[in-house]
Structures are given as C-alpha cells and as structure tokens.
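Structure, as structure tokens:
The values are calculated or read from the model by the stated rules, or taken from the named source; none is laboratory data. Keep in mind the model is a prediction, meaning the values are calculated, not measured. All Cβ positions, glycine included, derive from the backbone under ideal geometry; neighbour counts span all protein chains shown. To get the accessible areas, we keep the full protein, side chains included, count just its heavy atoms, and leave off ligands, DNA and RNA. Shrake-Rupley method; radii C 1.70, N 1.55, O 1.52, S 1.80 Å.
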Amino acid sequence: MSNYHIKNLEEYFQIYRKSVRNPELFWEEIAEEHFVWRKRWNNILSWDFEKPEVKWFEGAQLNITENCIDRHLTKYSDKTAILFEPNSVDEPAQHITYKQLYAQVNKMSNVLKLQGVKKGDRVCIYLPMIPELAYAVLACARIGAIHSVVFAGFSSTALATRINDCDASVVITADGSYRGAKSIDLKSIVDEALNDCPGVKSVLVAERTGGKMNLVSDRDHLLAPLMKGASEECAIEVMDAEDPLFILYTSGSTGKPKGMVHSCAGYMVYTAYTFKNIFQYREDDVYWCTADIGWITGHSYILYGPLANGATTVMFEGVPSYPDYGRFWEVVEKHKITQFYTAPTAIRALAKEPLELVEKYDLSSLKVLGSVGEPINEEAWHWYNNNVGKKESPIVDTWWQTETGGIMISPIPYSTPTKPTFATLPFIGVQPALMDENGKEIKGNQVEGRLCIKFPWPSIARTIWGNHERYRETYFSAYKNMYFTGDGASRDAVGYYRITGRVDDVIIVSGHNLGTAPIEDAINEHQGVAESAIVGFPHDIKGNALFGYVILKEEANSRDQDELRIEINRLISEKIGPIAKLDKIVFVPGLPKTRSGKIMRRILRKIASNDVSNLGDVSTLLNPDVVEQIRKIVGV
Ligand code: 7RM
C-alpha cells in the first residue's frame, strides 16, 4: 500500500487512522519519499496552540522550486508544465514545458537579483493571469524572496495597503490586463497606489495589452528586455523549512486585511499530497483550476501542488462569459481537461444560461469535478453533476481557507461516496472538532457546531505578518488548544461534514439557530430564482428576523412580486420549517460581492437594519454600484 496515492475508501480509513495515531511518523514518511531535501530535519513537529507556534520539519533545508521544477527535468523536460489559455479565442494556447519553465523562472530570478532583491525581501506581484505571473511567483521562491500576490482586480487603495503592510520593495506588474471584451489599465492603478508607497524602489512591467504607459525613470523597468539579457541558470537559495515562502492577504471580518504567512516545507508537502489525492492526478492528465493565482486556491492548486507532482496545469486568462458562456466547456473540450476545479458562484452563473452552451461540447475527458470557496447549494451541485459530469465524474466539494494553505475536508474521488452539499470527510492528518458555545466539544454524529481543528497539519499559516497577537486572537483564543476556523459545520449520521457557512452568518430567530445557507438553498430551488442572500435584522419579538435579497431569473422578472414572495416562503416552510420564513423579501438586480465572489453580508445586514450611516469600505467590491441600487429598492 502506498500512502501517497489513496485508491479506495478502505485505504483512506487505514491511512487516516495512521495519520492521526502518529502524525509525526506519517508525515515524515510522506516527506521522505516524495520530495528533494538539501538537508534532513532533526525534528518533525513541535507545536503549541497557546503561544501559538507550529514548526514542521525543523532543521530541514530545501527549495520548493527545486521540487516543482528542477527535479522533473530528467523525466518531464518536454512535458507541458503550464498550459496557458489566453483571454481571446483567436490567440493560440501556449504549452510551456518544464524545461522552458526552468529557463524562464531562472531568468526572472536573475532579474530580481539584479534589482537587489535578497532572501527575505518582500516582492509584491500585481499581474493578470499571464505566464509572467507564474514565473514571478516561482522566481521569488527560488531566490528566497517572500512573494505577496495581490489579485489584479483590487483597487489602488487596496494595493497600497498591502504593499505597505509588508513593506515590499519591488512591484511586478503589467501594462494592462484583458478581462473578456474589456481591458484594464493596470499600470496606472499601480502608479496611483505608489503615490502612497515610499518603500517601493523598483517596478518591473510586463507588456500584455501594448497600450501607452507612463514609465517613471529610475523606478520602472520593462521586464522583457531584462529577461532577454538574463541567464537561464540561477542556483536555488537553500531555505530553512520554516522560512516564510509567501504572504497572502485575506480580509478579516473587521479592520485591515490579514497577511497570512506560509512557510516552505510544510506548505510544499501538504499542497502536493492533497493535490495528488483529491484530484487523483495521473501522469497524462490535464488539470484545470479556474481560480486566479491572486487567491490561495491559485497558489496551492494552480502552481505549487500541481507542479510539485510534475502535472500539466492550465492557466486561464479569461472569464467564463467571453466570448460567450460556453467558454469553460470549449476549453475543456479543446485541451481534453481531466480535472476541473471551480467555484459555486461560477457554476450558478453558468446554470442560468441555456443548456446548449454545455451540451455542444465534448466533455468526456473529465474525470473529477471540484468546487471551492463557499458552500455549494443543492441546485448548483446537481446542475454540475448532471450537465458537466454527466453523473460520471465525482464532485469534490473541498473545504479549506487561506489560513489552512491546503484542502482540509473533501471527498477522495472514486473512494468517498459523495453527498450533495457535504464536503464529506477530513483529509488525511486533519482532526476536526465541532464546538458548542460554551467551549465544549460536541462528540458523536448528527450534531452541529463551530468548526475547529485540534491538531496542526503541515500547511497551517504560521502567523499574520507583523501581528502575531492578532493571529493568536483570531484563531486560537475562542477555544482552548484549538484552531478556530470561523465556520459552522454539521456532522451527519455517518460522520460527513457539511459546512454551514461563517458562524457570523448564523441568525438566531426566536431562539432558534438558523444557518443562512440552508435557507438560501431552499429559496434557490424556486424555478424563478437565480441567487439569494439572507441576513438577520432586529425584531421586537423574535430578537432577529430574516431579510431575503433575491435575484430573479430573466423569465420571472415580469411575474407578480407578492405572488413570488408567497411561493418563496412556502418553499422555505417546506424545506426547513415555518420558523425560517422571511419577514421581508426584496428583488434585486445583483448582490454586493467581493472580488473572489463572496457575498458581503455586512452591507446587506446594514441595509436590512436601516443602518446605512456607516456602510464601511465598499471600494473593494466587484460591483460597488449595486449597493446604491439595493438601497433604492429597500428605501433606505
Ligand atoms: C479556499 C478559500 C475561506 C472560507 C471558509 C468558508 C468558505 C471555502 C468552502 C467554503 C463551504 C466549501 N479560501 N469556503 N470552501 N464553504 N464549502 N467547499 O476559499 O480564505 O478565500 O475563504 O470560504 O467559509 O472559511 S478563503
């Protein structure tokens, strides 16, 4: 039995038990057999959730790019490492082999060194989904610089905050980016941000859109000529296991973004191992994750996890709606994608479109479908399963977080029987616990509580950049000796987990705990409903009452609204109970969403509570205009 590649449910349980009985021994075996080390560890794990402090493979030395690139050159030198699919269907895809990736990453490493970047320096990467983004990330890792990728959809204010928080000295960006029919002038966003970032000494600019741009002398350099002149060889920086690999910002429920810090060895081992098993990657597969590398999903499951396994990983520059809503399926057919990993928000958007857009493509290459980012509602799950997977590709509903570095709860496809809306079982080495409000663990099955993790896994974030106390306070203070995820979850009769959503989304109505996700699921089953969001608002008698924001499908827009309200509440009564009926329902053109597609409930809560004096910062929203539109409809 190979611990590395799980092949059936019995094996999963065997390996899981082993990983929990003796985690050190288990992870040592994985680390030993599947990676290249420059020096062996002297201690596998030390940890203390009170401090908090976690160290894996202490004393070991390595470089993650040696594991992701160099070591594959003997066997896979001409295998495609990165398959770049451009925004425009008229531009050919680029097959970047492992050999070419090696050369480009080394060139970029040398360019960075020439700019004076050294081990431990922070480099901010603000690039669209073009190959240079992958080169930049890996080049930082190669020379030991700490990358901080900022999603290239963020505003200049958000970018400046992130540059300053970690004191980045170099920014890597592009002239512009393509997003469907639009192009965005990235360079001027950077220029605006840098007015407030005195610490930035140099800016490297990739040319993508070819527009005019302003180059500040002594600060800005075009990347291409520097790359051209750079050597294709660059020795790795030998890193300690616990040296930081990157910072990635994630928004907290309040205040400024948290710069989550991930370290080299544990992150590498965990992302590689989860990738192999959760996507059941085989030698000739072509794997596609549609996320942006600006999010943790892109870091772990477009770049590091797949490349550590010598995989072919697709990098898609475009959007699902361009040139039409069939684009995803066109790409699946064209590149014979075997594993497809996307978010429920994308699935719901595509499910609204005519089915011909899916049916006209040959999707028979698909073997595994993934979902990540938010709870997948039942309707979307079935649409994905029926129309994309044709009921033959298992759906892996993968629950995890920026903070966890890798997937924590997920089926192993072809081993774990799936169940709609359930992320199912903890991954190998992951020890979840459900906690009650009084800090006690809820044992047994058919229970619900707050999701914590009892024991460290290799890729847990080690701190918040520059604020270890906030790290302790946010994740380790709610429950003694536990990592608190901020999510609620239930466990069914067989021990499957279902993530019910952020615990701050739990609303107590007349003393009953109601999760927003199941109510939204019920509403979304209405034929006329495209999407919905529920929030609580103060109520004299019940404590809280429920307010529903509902987006209708095109065909339902002309229907009588009161009739629709009655039907929606009838559905909720049927699916959950009369207690979950909504006091107020408004029909809106859209919902305020973060750039990663998460609904900003904070704003909806304020509008529902008639408390719009301080809506907070809405500038990072994908669709800031929708806030005004909703206010008008609600009349506040
Ligand atoms: C990977 C990622 C983390 C939060 C997390 C959850 C929610 C993510 C799922 C999910 C239900 C899932 N990182 N979440 N995956 N909820 N089912 N499969 O998204 O840091 O951006 O977000 O996302 O609330 O705490 S993240």
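The table for this structure:
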| item | result |
| --- | --- |
| Residue check, Lys480 open to solvent by 40 Å² or more (accessible area, probe 1.4 Å), away from the ligand (no atom under 14 Å from the Cβ) and without any contact (Cβ under 8 Å) to a residue 40 or more places away in the chain | no |
| Selection from the stretch 345-399 of residues that are modelled with pLDDT of 95 or more, farther than 19 Å from Tyr287 by Cβ and within 14 Å of the ligand (Cβ to nearest atom) | Trp381, Trp399 |
| Matching option when the condition is small (Gly, Ala, Ser) and either open to solvent by 10 Å² or more (accessible area, probe 1.4 Å) or farther than 18 Å from Arg219 by Cα (or both), among Ala174, Ala141 | Ala141 |
| Boolean, Asn43 is over 11 Å from Val269 (Cβ atoms), polar (S, T, N, Q) and open to solvent by less than 60 Å² (accessible area, probe 1.4 Å) | no |
| Residue among Lys581, Lys593 that alone is under 25 Å from Gln527 (Cα atoms) and open to solvent by 60 Å² or more (accessible area, probe 1.4 Å) | Lys581 |
| The lone exception for Thr500 - which of (1) within 16 Å of the ligand (Cβ to nearest atom); (2) open to solvent by 10 Å² or more (accessible area, probe 1.4 Å); (3) not aliphatic (A, V, I, L, M); (4) not in a strand (DSSP E or B) it fails | (4) |
| Yes/no for Ala433 being touching a Cys at 6+ places or on another chain (Cβ under 7 Å) and within 16 Å of the ligand (Cβ to nearest atom) | yes |
| Filtered residues of the stretch 445-477 (kept if in contact (Cβ under 8 Å) with a residue 12 or more places away in the chain, more than 24 Å from Leu245 (Cα to Cα) and not acidic (Asp, Glu)) | Asn445, Gln446, Val447, Gly449, Arg450, Leu451, Cys452, Lys454 |
| From the options Thr421, Thr402, residue that is of a type in the set (Ser, Thr, Tyr), open to solvent by 10 Å² or more (accessible area, probe 1.4 Å), within 13 Å of the ligand (Cβ to nearest atom) and at positive phi | Thr421 |
| Residue satisfying all of: in the stretch 599-630; touching a Phe, Trp or Tyr at 6+ places or on another chain (Cβ under 7 Å) and part of a loop (DSSP other than H, G, I, E, B); surrounded by the fewest Cβ atoms within 10 Å (Cβ to Cβ) among these | Ser609 |
| Filter pass, Tyr325 being of a type outside the set (Asp, Glu), surrounded by fewer than 22 Cβ atoms within 10 Å (Cβ to Cβ) and more than 17 Å from the chain's Cα centre (by Cα) | yes |
| Subset of the stretch 600-630 (residues that are out of contact with any Ser or Thr (no Cβ under 9 Å at 6 or more places or on another chain) and hydroxyl-bearing (Ser, Thr, Tyr)) | Ser609, Ser613 |
| Qualifying residue in the stretch 569-576 (condition: touching an Asp or Glu at 6+ places or on another chain (Cβ under 8 Å) and open to solvent by less than 60 Å² (accessible area, probe 1.4 Å)) | yes |
| Pro538 being within 23 Å of Lys419 (Cβ to Cβ), open to solvent by 20 Å² or more (accessible area, probe 1.4 Å) and touching a residue at least 12 places away in the same chain (Cβ under 8 Å) | no |
| Candidates Asn387, Asn438, Asn377, Asn445 - the one that is surrounded by fewer than 19 Cβ atoms within 10 Å (Cβ to Cβ) and in contact with a helix residue (DSSP H, G or I) (Cβ under 9 Å, 6 or more places away or on another chain) | Asn387 |
| Members of the stretch 69-92 found to be under 15 Å from Leu133 (Cβ atoms) and not in a loop (DSSP other than H, G, I, E, B), listed by number | Ala81, Ile82, Leu83, Phe84, Glu85 |
| Considering residues of the stretch 25-38 that are outside any loop (DSSP other than H, G, I, E, B) and touching a residue at least 60 places away in the same chain (Cβ under 8 Å) only, the residue surrounded by the fewest Cβ atoms within 10 Å (Cβ to Cβ) | His34 |
| Condition met for Gly294 (in contact with a strand residue (DSSP E or B) (Cβ under 7 Å, 6 or more places away or on another chain), assigned to a loop (DSSP other than H, G, I, E, B) and within 22 Å of Leu138 (Cα to Cα)) | yes |
| Condition check for Phe340: surrounded by 22 or more Cβ atoms within 10 Å (Cβ to Cβ), more than 16 Å from the ligand (Cβ to nearest atom) and within 22 Å of the chain's Cα centre (by Cα) | no |
| Yes/no for Pro426 being under 22 Å from Tyr304 (Cβ atoms), away from the ligand (no atom under 12 Å from the Cβ) and surrounded by fewer than 24 Cβ atoms within 10 Å (Cβ to Cβ) | yes |
| From the options Ala272, Ala265, residue that is in contact with a strand residue (DSSP E or B) (Cβ under 9 Å, 6 or more places away or on another chain) and at negative phi | Ala265 |
| Odd one out for Ile407 among (1) modelled with pLDDT under 95; (2) buried (at least 22 other Cβ atoms within 10 Å of the Cβ); (3) under 16 Å from the mean Cα position of the chain (by Cα); (4) within 11 Å of the ligand (Cβ to nearest atom) | (1) |
